[in-house]
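Worksheet: one structure, shown below.
Please treat every number below as a calculation from the coordinates, not as lab data. Bear in mind the structure is a predicted one, so any value in this text is a computation, not a measurement. As a convention, Cβ positions derive from the backbone with ideal geometry for all residues, glycine included, and neighbour counts pool all protein chains shown.
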Amino acid sequence: MNVVSESWDGTGPARLASSLRAGASVPEGVAAAVATTIEDVRERGDAAVRELSERFDGIAADPVVVPPGRLEAAREEIPAELRDAIAASAANVAAVARAQLGAASEVVLGAGQRIEVAEIPVGSAAIYVPGGRAPYPSSVVMGVVPARVAGVERVVVASPPGRESGEPAPAVLAAAAMTGADAVYAIGGAQAIAALAHGTGSVAAVDVIAGPGSPWVQEAKLQCSRRVGIDGYAGPSELVALVDADVPCEWIALDLCAQAEHGPGGLMVAIATDRGWLDRLGEEIAARAGGLPDARFHLIAVRSVADGIALTEAIAPEHAEVVTADAAIARALTTAGCVFHGPFAATAFGDYAAGSNHVLPTGGAGRFTGPLGPGTFRRRISRVAIDAGAAAALAGTVEAIARAEGFPLHAMSVAARAAGRNDDGEGE
């Protein structure tokens with residue numbers, strides 16, 4: 001555990017944000033190793049998947065596809081309390097996801113052309129669910145539910161097999177059954193991503209791959225993104241807590257340590273105007289972070305809340321907690337993946353049951369993307385209707401631009417429509 005305390009004078013927020021992120025790095029050699037794995041799976045399919053699974057996971061599932069009856073049986077194997085919690089979490093996530101769906105719209109422009117813009121679901125999607133240190137049924141919920149709400153016809157889950165059972169944990173299988181996954185593949189790591197992107201004898205290729213995972217999994221998503229859609233790069237967990245109100249130090253310490261539980265490399269930052277409060281927070285963190293030897297915590301004293309907002313915006317964290325007297329400050333933050341406002345809004349609520357999604361942009365990506373949601377699994381399509389009148393009205397505009405760009409056949413194409421000629425050059 002490493003706790004660093006410092007004061008900031010408000011200058012150069014981007015520079016300070018960059019230095020805070022410098023501690024997180026991807027293990028050396030990941031990109032090359034992943035490229036080799038992807039090519040092996042692309043060339044040899046299931047045989048490569050089996051060999052790589054045995055090498056990296058210690059076991060290769062046979063068959064790779066978990067039997068459907070096994071998913072249903074897993075429902076009864078998990079405690080009723082967990083089963084009810086998964087159902088409640090899924091219901092909340094589904095409600096928020098449904099609110100994000102957009103209806104088709106049509107615009108009629110001056111020349112008479114009609115442009116319809118619609119969203120349609122992709123045909124198939126895969127949710128990667130990590131399984132190395134513990135089972136993550138919550139990641140099943142966060143991925144499968146928005147895909148289902150988006151209208152994806154086929155949704156599958158990939159998760160590493162356990163060394164003893166040869167299949168994902170019962171909690172993962174049960175969550176897959178409860179959220180309506182069509183299949184579960186007992187494959188993990190970069191080989192799972194490669195199989196889902198390129199397809200094998202046992203694994204049908206998908207259109208979109210989403211979900212958290214190790215640096216190898218995320219690198220594989222990036223390298224396969226020329227072939228399939230991805231949600232983004234889900235790196236180590238991040239939390240910035242901006243505090244300028246009366247809140248127990250213990251609560252914020254628990255929130256920061258909770259996010260550090262996700263694994264090494266995370267970025268945990270507390271920003272406050274009260275130096276004494278930050279000192280007490282450091283003591284609370286030290287009392288709770290004994291089991292987190294690789295965690296990094298930065299406690300930053302600022303001169304004003306405005307400086308705290310500027311620094312949080314520059315960091316663009318995965319999660320931001322805002323505990324301030326002015327409720328409007330939460331709306332001033334625009335780059336965080338998810339903003340939690342108020343002393344009772346612990347980030348852990350969002351990780352599991354609040355209804356927001358816990359697959360969020362990291363590494364500063366909140367500047368240009370947002371949480372996993374139905375939009376990840378939908379694509380926009382335009383439908384253009386142009387009648388004879390619109391063709392005649394628009395042709396001159398198109399011809400002028402096309403000829404300026406050196407594309408005379410573009411110009412001839414619209415001129416033919418404007419003149420009312422068919423493909424044989426004859427009038428209609």
> Using alpha carbon coordinates only, what is the Rg to Rh ratio of region 290-330, with Rh defined as the Kirkwood radius?
Replying inline: 1.04
>> Placing +1 on the Cβ of each Lys and Arg and -1 on the Cβ of each Asp and Glu in region 292-355, which of ALA316, GLY337, ALA301 has its Cα farthest towards the positive end of the resulting dipole?
In response: ALA301
> Expressed as an acute angle from 0 to 90° and rounded to the nearest 10, what is the orientation of the C-alpha long axis of helix 275-288 relative to the principal long axis of the chain?
Replying inline: 80
> What's the extension gain from LEU409 to ASP9 if we count 0.36 nm per residue and subtract their Cα-Cα distance?
Replying inline: 137.9 nm
>> Can you compute the charge dipole magnitude of region 288-343 about its Cα centre, using +1 on each Lys and Arg Cβ and -1 on each Asp and Glu Cβ, nothing else charged? Give it in debye, rounded to the nearest 20.
In response: 100
> Of PRO293, PRO137, PRO168, which has the largest mean-square fluctuation in a 10 Å C-alpha GNM of the chain?
Replying inline: PRO293
> By what distance, in whole Å, do the Cα atoms of the chain stretch along each of the three principal axes, largest value first?
Replying inline: 86, 58, 42
>> For the chain, take the longest principal axis of its alpha carbons; what is the angle in degrees between that and the long axis of helix 170-179, to the nearest 10 within 0 to 90?
In response: 40
>> Rounded to two decimal places and with Rh computed the Kirkwood way over Cα pairs, what is Rg over Rh for region 74-190?
In response: 1.15
> How big, on average over all directions, is the shadow cast by the Cα convex hull of region 273-428, in nm²?
Replying inline: 17.0
> Taking the Cβ-Cβ separation of VAL26 and ALA419 as r and a Förster radius of 51 Å, what is the calculated FRET efficiency to the nearest 0.05?
Replying inline: 0.30
> What value, in deg cm²/dmol to 500, does the helix sum -39500 (n - 2.57) over DSSP H runs of n ≥ 4 give at 222 nm once divided by the residues of the chain?
Replying inline: -13000 deg cm²/dmol
> On alpha-carbon atoms, Rg over Rh for region 1-112 using Kirkwood Rh?
Replying inline: 1.16
> For MET268, MET1, MET178, what ranking results if the residue with the fewest other Cβ atoms within 10 Å of its Cβ goes first?
Replying inline: MET1, MET178, MET268
> Quick one: length gained pulling PHE344 to PHE368 fully straight, 0.36 nm per residue minus the C-alpha distance?
Replying inline: 5.8 nm
